[in-house]
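Encoded as structure tokens, the structure appears first; notes follow it.
The values are calculated or read from the model by the stated rules, or taken from the named source; none is laboratory data. All of these numbers come straight from a predicted model, not from anything done at the bench. Cβ: placed from backbone, ideal geometry, glycine included. Neighbour counts: every protein chain shown.
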Amino acid sequence: MALPFSREAFLDVFAAYNTLWWPVALTLWTATLIAFVARVTDRTASRWTFGLLAVQWAWSAVAYHATLFSRINPAAWLFAAMFLIQAALLIWFGVAPHRLRFSGGGPISRPVAYGVIAYGLVYPVLALVEGHSYPRTPTFGVPCPTAIVTMGFLMLLRGRIPPWLVIVPMSWAAIGGSAAFLLNVRADLALLIAGSALAVRTWSMRSPRSHDRRVERLHLRLPASLRESAK
């Protein structure tokens, strides 16, 4: 696949981002670490966490995509719109009516989710380890770590994840994950793994209410004699 920009131009965008807004990146990283520790110790407030995630998606949309990435890639305007939509969805589902709440998670989903969030937090270090030199390296508040930590927190939700909430993160998992091959950013391979884990978590788990409705419909299809005996 041919890209409308070079790898050098791509890394120059990160250099501009880190030079201009490193205090914001550090603040977002610190706030996300606090949210993660609070979740691990079961002291997190889901409304506050999803508000923080909404801020990160909006920040990535404006500060990264619209302001910087659009200089080398016209598709950045589309990406900015996607990220703003995701920010709005996080507010709609998780902040305004407070529909989303965390649970302890299952024996598999919980450690996977924690691992995904932890990876997103160490993402800037991993990018440096693989050979990028600061400031020409992805840090925090940029699209890929934002998507990674969000997918991790979504996997910790109680009950079924609203499908609308996963469309943009999973789309970015495919788009951003391609950077691992096209732009040799190996840290972005985790996007593909996190996106796959989120897909399994979203469509394999059904809420108790949905299960009860299916059981009720099946019960009504039974003959009257069998319905009585089933009681």
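Listed values, structure above:
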quantity: Tally, over segment 1-51, of residues that are farther than 30 Å from ARG158 by Cα, touching a residue at least 40 places away in the same chain (Cβ under 8 Å) and not hydrophobic (A, V, I, L, M, F, W, C); calculated: 6
quantity: Residues of segment 163-200 that turn out to be buried (at least 17 other Cβ atoms within 10 Å of the Cβ), in contact (Cβ under 8 Å) with a residue 40 or more places away in the chain and not in a helix (DSSP H, G or I), as a count; calculated: 1
quantity: Test: residue in segment 105-113 that is of a type in the set (A, V, I, L, M), assigned to a helix (DSSP H, G or I) and in contact with a Leu (Cβ under 6 Å, 6 or more places away or on another chain); calculated: yes
quantity: Which listed residue, of ALA118, ALA25, ALA38, is surrounded by fewer than 17 Cβ atoms within 10 Å (Cβ to Cβ), touching a Ser or Thr at 6+ places or on another chain (Cβ under 6 Å) and part of a helix (DSSP H, G or I); calculated: ALA38
quantity: First in segment 138-158 and assigned to a loop (DSSP other than H, G, I, E, B), second anywhere and basic (Lys, Arg), Cβ under 9 Å, 6 or more apart; calculated: MET155/ARG110; MET155/ARG201; LEU156/ARG39; LEU156/ARG110; ARG158/ARG101
quantity: Subset of segment 121-139 that is hydrophobic (A, V, I, L, M, F, W, C) and within 19 Å of ARG7 (Cα to Cα) - its residue that is surrounded by the most Cβ atoms within 10 Å (Cβ to Cβ); calculated: ALA127
quantity: Only one of SER46, SER60 that is hydroxyl-bearing (Ser, Thr, Tyr) and touching a strand residue (DSSP E or B) at 6+ places or on another chain (Cβ under 6 Å); calculated: SER46
quantity: Residue within segment 130-143 that is in contact with a Ser or Thr (Cβ under 9 Å, 6 or more places away or on another chain), hydrophobic (A, V, I, L, M, F, W, C) and at pLDDT 90 or above present; calculated: yes
quantity: Subset of segment 43-75 (residues that are among the basic types (Lys, Arg) and outside any helix (DSSP H, G or I)); calculated: ARG43
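The rows are residues; the columns are (1) of a type in the set (S, T, N, Q); (2) over 18 Å from the mean Cα position of the chain (by Cα); (3) modelled with pLDDT under 95.
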{"site": "ARG43", "(1), (2), (3)": "no, yes, yes"}
{"site": "TRP48", "(1), (2), (3)": "no, no, yes"}
{"site": "GLY51", "(1), (2), (3)": "no, no, no"}
{"site": "GLN56", "(1), (2), (3)": "yes, no, no"}
{"site": "ALA61", "(1), (2), (3)": "no, no, no"}
{"site": "HIS65", "(1), (2), (3)": "no, no, no"}
{"site": "ALA75", "(1), (2), (3)": "no, yes, no"}
{"site": "GLN86", "(1), (2), (3)": "yes, no, no"}
